[in-house]
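The values are calculated or read from the model by the stated rules, or taken from the named source; none is laboratory data. Computed from a predicted model, the values in this text were never measured in an experiment. We place every Cβ from the backbone using ideal geometry, glycine too, and count neighbours over all the protein chains shown. Heads up: the accessible areas ignore ligands, DNA and RNA and are worked out on the full protein's heavy atoms, side chains in. Shrake-Rupley method; radii C 1.70, N 1.55, O 1.52, S 1.80 Å.
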Amino acid sequence: MDKISNLEKQIAYLQEVLRCKEEELRALQANEQHASFCSPDKLSKDDVERFSRQIIIPAIGCKGQMALKTSSILIVGVGGLGCPAAQYLAGSGVGHIGLVDYDEVECSNLHRQLLHTEDSIGVPKVTSASIALKKLNSSLRISEYHTQLNSSNALNIVQKYDIVIDATDNVATRYLLNDACVLSGKPLVSGSALRLEGQLTVYNYNKGPCYRCIFPKPPPPETVTNCGDGGVLGAVPGVVGVLEALEAIKIVLGCSGILSGQLLLFSAESSAFRNVRLRTRNASCDVCGENPKISHLIDYEQFCGAKATDKDSSICLLREEQRINAPALFDSFVSKCEGLLIDVRSPEEFEMCAVPRSLNIPLKNIDEPDSVSQIITALQDKQAEQNPFPVYVVCRRGNDSQKAVLMLEKVLKDQNVAVRDLTGGLHAWARKVDSDFPIY
Amino acid sequence: MTDGLQVTLEFGGGAELLFGNIKKHEVTLPVDDTPWTIRSLLTWMKDNLLKERPELFIQGDTVRPGILVLVNDADWELLGELDYKIESKDTILFISTLHGG
């Protein structure tokens with residue numbers, strides 16, 4: 001009996017010793033692993049194997065790779081610029097990436113925003129991008145901000161990062177981001193793209209100029225074209241986004257030759273880069289000058305007279321009787337073959353999709369003599385049929401068509417016509433009348 | 001043999017859309033008693049080159065906000081802006097800033 005209980009006691013003791021030893025081992029292993037992955041002064045085996053191709057470049061070395069590993073970069077806008085920028089930063093071994101975007105993935109994003117996939121349509125862009133980036137680099141830390149950057153949250157977010165990348169698509173957010181970076185002392189890598197051109201520069205870096213030094217006044221809203229209206233070839237923001245990542249990496253590495261006080265112009269049409277010299281920092285700049293007027297973030301939509309998104313908003317220039325809805329237009333123009341239908345979109349858009357028998361006269365040409373005589377000729381063929389003769393105007397969303405109605409009423413004042421526009425444009429046509437018509 | 005000041009005017013970022021969608025114009029500015037400056041060039045461009053909607057290019061006597069003027073690849077602000085005296089063979093680039101992404 002004694003022998004049995006003795007053995008039991010010894011075993012229990014040894015088990016306790018074993019448990020303690022195992023615990024000690026686990027703690028040591030965890031520590032070692034932590035040290036090898038997170039040591040501030042040492043790269044892990046994995047790091048070396050993964051990043052050797054860039055570590056062996058003298059300008060980078062272990063020191064540079066460590067700098068990347070401990071760096072944090074904020075990307076504002078996870079679209080055509082933000083996707084490639086994020087991808088190359090994640091690939092390079094940057095330790096922490098913040099992603100800001102209020103928007104969800106749409107089908108029309110996929111030609112240029114290549115972190116997103118068909119499966120992620122409707123998913124927040126920050127989530128979609130975060131999933132893709134983690135597949136690329138599982139040790140990357142990502143912070144997602146599914147929110148519109150604004151005057152009340154911008155400083156709080158920006159302050160957490162070393163460098164900010166402006167990959168946004170509108171003027172108001174560009175001023176907001178500039179001021180937030182100046183107020184919190186962060187360099188701002190700024191890129192933009194439209195059609196076949198791109199532009200890139202670095203603001204607020206090493207006593208260089210900020211966005212406001214170069215552009216103290218915002219552009220008139222009517223001169224600003226977004227990608228939805230102007231179009232953009234996917235690879236163009238691809239080029240600029242990758243260059244934004246490159247400038248951010250160079251800043252982390254402490255390289256010389258940062259694109260501060262310079263503007264890089266990229267033309268896909270002529271396959272040319274052109275580097276132009278910008279002005280120096282403006283001592284009387286409203287935000288970074290010696291006596292700044294702006295000491296806290298302001299209302300940027302008001303300052304720019306434009307929304308902080310690239311979505312178009314609806315305008316209302318006409319009275320109700322100057323407009324027609326989609327079912328009524330279908331009944332008149334398609335079913336009863338009444339009237340003349342003028343499509344005021346660009347020829348490229350008209351070629352993509354159009355209502356059969358409609359006549360394409362772009363808005364910018366609508367009051368030119370050639371266009372007016374073209375319309376009058378078309379009217380003369382049919383005008384006897386109805387009195388006054390209906391002239392319908394369509395565009396994509398129902399904004400330009402309203403402007404066209406006002407212009408046509410002037411140039412056709414001697415004709416016996418009733419000019420009306422399609423409320424909601426071809427988007428409404430597609431939703432209410434013809435589900436086969438593309439919404440773009 | 002041509003009298004006058006030969007300069008190259010270039011447009012980018014969409015500013016070319018106001019100038020017949022042509023990105024590069026080789027022009028000869030007529031001889032004048034006073035030297036050509038960017039200020040007088042803008043007036044000349046408005047009268048001779050601008051195809052549509054001048055308010056999208058010029059506001060008052062200068063370019064509208066959002067257009068950068070670069071003389072031989074340097075910001076005109078470094079050279080005296082409107083008062084810069086244009087020299088023969090200068091290349092003057094008008095670039096509309098882009099905001100898309």
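Could you tell me what percent of the accessible area of the range A:71-304 is made up of carbon and sulfur, with a 1.4 Å probe and every protein chain present? Before the final figure, lay out each step's value.
Working: 4580 of 9060 Å².
Looking at the range A:71-304 in its full context, I get 51 percent from C and S.
Taking Cβ atoms as reference points and 10 Å as the exclusive limit, the residues near A:Leu340 contribute a net charge of 0, counting Lys and Arg as +1 and Asp and Glu as -1. Between chain B and chain A, the total buried accessible area stands at approximately 2700 Å², from heavy atoms with a 1.4 Å probe. Amide H contacts of B:Thr37 (H built 1.01 Å from N, in plane; Pro and chain starts excluded): B:Ile86 sit under 5 Å, all sequence-distant by 5 or more or on other chains. Most simply put, chain A has about 35% antiparallel DSSP beta bridges, counting only bridges with both residues inside it. Remark: the range A:71-304 carries 39 Å² of accessible area per residue (probe radius 1.4 Å; ligands, DNA and RNA excluded).
Taking label positions 7 Å along the Cα-Cβ direction at both A:Ala328 and A:Lys63, the computed distance is 7.5 nm, reported to one decimal.
Carbon and sulfur atoms: what percent of the 1.4 Å accessible area of chain B do they account for?
On the way: 2250 of 4700 Å².
Answer for chain B is 48 percent, counting heavy atoms of protein chains only.
Placing a label point 7 Å from the Cα of A:Ser295 along the Cα-to-Cβ direction, the residues of the range A:171-202 with a backbone N closer than 15 Å are A:183-184.
Against chain A, whose longest principal axis is taken from its Cα atoms, helix A:125-136 shows a tilt of about 40°. Distance from the Cα centroid of the range A:346-423 to that of the range A:4-24 is 93 Å (rounded to whole angstrom). Across the range A:254-260, rounded Karplus estimates of 3J(HN,Hα) from the backbone phi angles (6.51 cos²θ - 1.76 cosθ + 1.60, θ = phi - 60°) give x, 5, 8, x, 6, 7, 9 Hz, Gly and Pro being marked x. Summing charges over neighbours of A:Glu197, with a neighbour being any other residue whose Cβ is under 11 Å away from its Cβ, gives +1 when K and R count +1 and D and E count -1. The angle between the Cα long axis of helix A:171-184 and the main principal axis of chain A comes to about 30°, on a 0 to 90 degree scale. What separates the Cα centres of the range A:226-262 and the range A:103-178 is a distance of 15 Å.
Only helices enter this figure: runs of n ≥ 4 DSSP H residues, each worth -39500 (n - 2.57), summed and divided by the residues of the protein assembly as shown, yield -10500 deg cm²/dmol at 222 nm to the nearest 500.
What percent does the relative contact order of chain A come to when contacts are Cα pairs within less than 8 Å and at least six residues apart? Walk me through the intermediate numbers first.
Details: 756 pairs, mean separation 50.2, N = 440.
Answer for chain A is 11 percent.
So what's the net charge close to A:Gly98: Lys and Arg +1, Asp and Glu -1, counting the other residues with Cβ under 10 Å from its Cβ?
On the way: positive: A:Arg141, A:Lys160; negative: A:Glu144.
Surrounding charge for A:Gly98 is +1.
Against the main long axis of the alpha-carbon atoms of chain A, helix A:82-92 sits at an angle near 20°. A cut-off of 5 Å between modelled amide H atoms, ignoring neighbours fewer than 5 places along the same chain, links B:Asp73 with B:Leu93. The alpha-carbon of A:Lys207 sits under 17 angstrom from the alpha-carbons of these aspartates and glutamates, leaving out residues fewer than 8 places away in its chain: A:Asp162, A:Asp179, A:Glu247, A:Asp286, A:Glu290.
May I ask you to compute the full-extension gain from A:Ser373 to A:Gln148, defined as 0.36 nm times their residue separation minus their alpha-carbon distance, rounded to one decimal in nm? Walk me through the numbers on the way to the answer.
Values: separation 225, 0.36 × 225 = 81.00 nm, distance 4.80 nm.
Fully extending the segment from A:Ser373 to A:Gln148 adds 76.2 nm.
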